[in-house]
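The structure appears right after this line, and notes come after that.
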């Protein structure tokens, strides 16, 4: 790839936007050519508009880019959107209509019939859906809710090998998932908040589309009852999830672990730049995975799994962990874009 | 009650021991006459031996008591034991054999056939079991694991009204449950530990004895499959639990809430000093209960419940919260002792 | 005092406002008759307008009071103001002009020549300043910045006994000092913020007025250079301060400790309801005071001091701790009001 | 450098030992050939003996090394010691006598007349002191206390340019400085501990040796009064320090900032592998530096400085931050070793 594809970031000053900037600062295929944010930041340099929260320093080239409004004439081919759902729906549609390829983190278009809800290790074939879109050169691709991604990654090898019948999941979600300023410190120090608005509904429904079958240009939802409880805990990054599953076919413990450890998929075969070598890492130590220790595995793109054991109600219990703003947001969207580039589905 | 019953505390310097001291410092029926701890503390004044962690100041009278060894000639009638399970079993038996009434927090005697596993709001009648004991005037009464108590309190009204069929529970447990020094700060700041040794087994089994039937001098265990995931989170006090239940009989949401809100039991009827006016408090706000805000409800003896909603797998989901070192340990043991005193089962 | 004085609270839903509500719910002299807040809350019941953060439950009587706008016709004689400084100045003046006695936490009027900056243990006589005010029956009394109060309380006995020459102070301030929502959790988890806007200026100047002399109806500022560094740390309540002082006259360590331990002042002599028995508590243990353990000493009104030792630069070093929203805000303002009532300076 | 120097790590399973392992796993000059720890770990593979706390995965080659006892026949030329001071003194001497070059983090040998207390950016010439040592081929080099390093780095350019007269410092120190298990979580959640045993004495004395002059084979201590208050706060890594200084010569603010920003020293000139490009980074934003955001600057070897402003007592106030287990311990010791290698002071 001689020339990099010019990309823009919508909502560039927000918490997901900052992750996009960080992950794209040194990307082999993409080059940031435009940063857009709300009216308030318009015209400022990025470094003056942003409250930079990433652990690595802001590259000086990007620091000096001028923030533009979120209007579709941004000079770029691909747009990564970290916009909030209250504005994302309409703006993303405008960008697609203007011929941009939009990779969205928001919920607005996830259930559109012709929009892929994409996790490249799980349903790479769903990307074909964009052929059904009528944006005249533009397109919209979404990634799921940050809690859904880890879950669906851990479920996929089980689904393939043994079939899924029922899923129970309780999340302990990181603060960064609520954006910035997000959760007040007075609400979470020495505390747990056992509620995240709208989250349980997403975790219960999105896996059914992602694990669904693409046939005749549309997705057939998987029949899969999921029950979710979602909690906020005092962790910076990394969503931990306690999961119980009932499988369609009997499997012994080693077979389940083998399914995870042997799991590899399209992004690994295509050697996409953001694809982790191991999409899933299984821990045999009882006390792992833990968010502080393992969220950055595979540069934040590996999903960590551990504590497989029998469930007295369903078949198995286990714990999973995934990085919510990398695998669960910006990193996931970039992997989606890499898949699209590699598949040459659209001219760039 | 003219004269207070003299009581001793075993393991008085530990985290549960300190709660005993705090809660008994001004008790209407009991008076602390003896404090015992390990050899290391023997002969020291309590204030010199303890690293006091309670939020209220240590009363000066108790501060100057001399620590004695954990030997059965302590001058007291009732013994509250905050000993660890690695030593509790043998020592508590010795005290019972020496004629003391022992109230234990440890797991060692919980499954003895003739030892009640007691939560006064749930199975006050089980206290009769001590008549089966052969300690010649002494007795042993246990209270359950700190995560079991909150669960079984919330389940009891549902069990009575609708019958219980299956229970799924994920805990987010406070640091104080691990004692002192307990969890290193480097392990829990910005982190979750998805494992607590031996905890899941207790939560899965103890409710079956507590909710079991006493008949012909022995307990018939309740048939009730429970699946538990136990986690440690950065909360000082208060265990939060996400629960899903399948009921034996259909119930609409209001009926479930009514069962909780109308719940009152033997400790309330007997007006035991540590009994909360409301054993269960139901919150209608989505974001409640929360450990920092509600753990001290009813002086730490009320179990808080909230977020009742349909479960896609079982029947209902909800969140509960209980104070792990008050209701779940020292306060629970004191309530047990109050019940025994009021029932006049033994001479005091 | 047969009949309670009717009091109103301005900014009742905020973090200081909630403390006022908590502390006044069961006050022997005052009765809450009016709650006022911003337009947004107007007309709602208090319980619907507030995000209650206090550890004790909201009394049902107050929960059902209707929020009124911050206009001076509130039916009450005394007004406690928890308003932010961006609006407090003008509104408090309006209330005073309408004949109310206003007790303010905001900085706006602290430096008005005829307004006392009051800490009853330190400068009770300054309350006479209100005689200089021309509000036609109304008055304004202020309490200092939350970091100033603890400092000036610990300095007062040293000032009286040995004279003060220079003060160095570094604060580690609690999150509740920033109000609600205040500090975002992403900014403070696993972090320190070494800056609090405007704080150092207040800590460096306010003690000079508080410790100043009232003569001929005005305050002569104390000549006292103070250097302050102010930091925000992940503590819920309680400001910790590291202090070094140079004294005017030599003093040995025991004399300094004696000065603190023997300290008692006007509020203690008058037995004001909110006055702690010991305004200052000195700890001999190296590791004390600590915010979690000692902030609630004397119901949050006692200032804790410890670690007195020689300073290689000035004379002595020590650590102090005070509760920032009780002693440092609402509790301090209530003590001011109690002093005024007891002194019968105005008709009530 | 064709062949890497074989190095061993003493106390390899501890918190500083783990940092050594992490930082040396991929070092251009050094190769880990031996890991030693206490008797308890002897004979185990490193991965089985260690509770790995570092954020990057343990390399598999090192994971499988067998732990040896801390005896001087370890097969290596250089030894990095992360031993605690209760055992470090004697063991390090034994290693030096056996001909090893020992780089120690412990306090035991810091004040030996012939042992350099080394910070390569500050006193690289002091390394010559080892010529005075009589270990027959072996040598001991120490690095200072973790709080001293950041302070002395920030002071050095001021000392060179303007002279130092007096220093006041208050530290807010990270949990990792106390080792593992170290600080119990119950002691630090929602809390500050205003005491670290022995720490203030080190911070007050060590800079005097480091900034002292080497003349005629011995160090002349700098005359410099320093007053330190040391606190523990709930931060994982990174010590924050509030500093006030009196300078010998007048300097305007820009001159001070220029002294820091222009600062470069021996490690930079020699291009030592662990030397940061900028030893000191100055922030102009009021709210910086902060531990979570800036501790990893320069791979943890850059000291961050900010908030320069006038001090009402001395001349200037500022805030500094340095990574306590990298710059302040393992990374500092490795930089010391790199300096020794480059200076070819001993045969390797």
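Every number in this text was worked out from the coordinates using simple rules, so none of it is lab data. In this text the structure is predicted, and so the values were computed from the model without any measurement. Virtual Cβ from ideal backbone geometry, glycine too; neighbours counted across all protein chains shown.
Hydrodynamic analysis of the protein assembly as shown uses the Kirkwood radius over alpha carbon pairs. Inserted into Stokes-Einstein at 37 °C and 0.692 mPa s, it gives a translational diffusion coefficient of 97 µm²/s.
The alpha carbon centroids of the range D:123-196 and the range C:183-208 are separated by 26 Å.
Across all directions, the shadow cast by the convex hull of the range C:179-328 built on its C-alpha atoms averages 11.2 square nanometres. Relative contact order of the range A:146-323, taken over Cα pairs closer than 8 Å and 6 or more residues apart, is 28 percent. Of all DSSP bridge pairs formed entirely within the range B:147-324, close to 70 percent run antiparallel. Spacing of the modelled spin labels on residue A:286 and residue C:66, each 7 Å from Cα toward Cβ, amounts to 6.0 nm. For D:248, B:104, the sequence from fewest to most other C-beta atoms within 10 Å is D:248, B:104. Tell me the angle of helix C:85-97 to the major Cα principal axis of chain C, expressed in degrees between 0 and 90 and rounded to the nearest ten. For helix C:85-97, the angle is close to 60 degrees. Restricting the calculation to alpha carbons of the range B:55-149 gives Rg and Dmax of 14.3, 41 angstrom.
Relative to the other identical copies, residue C:213 shows label-point distances of 4.9, 8.8, 9.5 nm, where the label point lies 7 Å from Cα along the Cβ direction and values run shortest first.
DSSP beta bridges confined to the protein assembly as shown are antiparallel in about 45 percent of cases.
Its relative contact order, with pairs defined as Cα atoms under 8 Å and 6+ residues apart, puts chain A at 17 percent.
If you wrap the Cα atoms of chain B in a convex hull and average its projected area over all directions, you get 16.8 nm². Taking a ≥ b ≥ c as the square roots of the eigenvalues of the Cα gyration tensor of the range D:115-179, is the shape rounded (a/c under 1.5), prolate (a/b larger than b/c) or oblate? Note, shape of the range D:115-179 comes out oblate.
Using the Cβ-Cβ distance between residue C:51 and residue A:85 with R0 set to 25 Å, the FRET efficiency works out to roughly 0.60. For peptide C:49-58, the mean count of partner chain Cβ atoms within 10 Å of a residue's Cβ comes to 3. According to the square roots a ≥ b ≥ c of the eigenvalues of the Cα gyration tensor, what is the shape class of the range D:68-208, taking rounded for a/c under 1.5, prolate for a/b larger than b/c otherwise, and oblate for the remainder? Taking the square roots of the gyration eigenvalues as a ≥ b ≥ c, the range D:68-208 is oblate.
With a 10 Å cut-off around each Cβ of B:235-248, the average count of Cβ atoms from other chains is 4.
A crude spin-label estimate for the pair residue C:216 and residue D:248, with each label 7 Å from Cα along the Cβ direction, gives 4.8 nm. Compute the Cα gyration tensor for the range C:248-328, then decide on rounded, prolate or oblate, letting a ≥ b ≥ c be the square roots of its eigenvalues: rounded whenever a/c is under 1.5, prolate when a/b is larger than b/c in the other cases, and oblate in all that remain. In terms of gyration-tensor shape, oblate. For residue A:277, the label point sits 7 Å beyond Cα toward Cβ; its separations from the matching points on the remaining copies run 2.8, 6.4, 6.7 nm, from shortest to longest. Springs join every pair of Cα atoms under 10 Å in this Gaussian network model of chain B, and among B:144, B:312, B:181 the largest mean-square fluctuation is at B:312. Note on the range A:1-114: Rg/Rh from Cα positions, Kirkwood definition for Rh, rounded to two decimals, is 0.95. The same position residue C:73 in the other copies lies at 5.4, 8.1, 9.7 nm from this copy, comparing label points 7 Å beyond Cα toward the beta-carbon, shortest first.
Helix B:199-210 and the longest principal axis of the C-alpha atoms of chain B enclose an angle of approximately 90°. On a 0 to 90 degree scale, rounded to 10, what angle separates helix D:146-162 from the longest Cα axis of chain D? Long axis of D:146-162 versus the principal axis of chain D: about 50 degrees.
Nearest-to-axis residue in chain D, judged by Cβ distance to the rotation axis that brings D onto B and given in whole Å, is D:185, 2. Restricting the calculation to Cα atoms, the range A:152-268 yields a radius of gyration followed by a Dmax of 16.6, 52 Å.
Highest average first, the peptides C:159-172, C:127-140 ordered by how many other beta carbon atoms sit within 10 Å of their residues are C:159-172, C:127-140.
Averaged over peptide B:285-298, the number of partner chain Cβ atoms lying within 10 Å of each residue's Cβ comes to 5.
When you count the other C-beta atoms within 10 angstrom of each residue and take the mean per peptide, D:189-195, B:48-54, D:223-229 line up highest first as D:189-195, D:223-229, B:48-54.
Measuring between their Cα centroids, the range A:3-55 and the range C:279-309 lie 48 Å from each other.
Taking the helices alone, chain D has a mean residue ellipticity at 222 nm of -7500 deg cm²/dmol, built from -39,500 (n - 2.57) per DSSP H run of at least 4 residues and averaged over all its residues.
Note on chain C: antiparallel DSSP beta bridges, both residues inside, total approximately 45 percent of the bridges counted.
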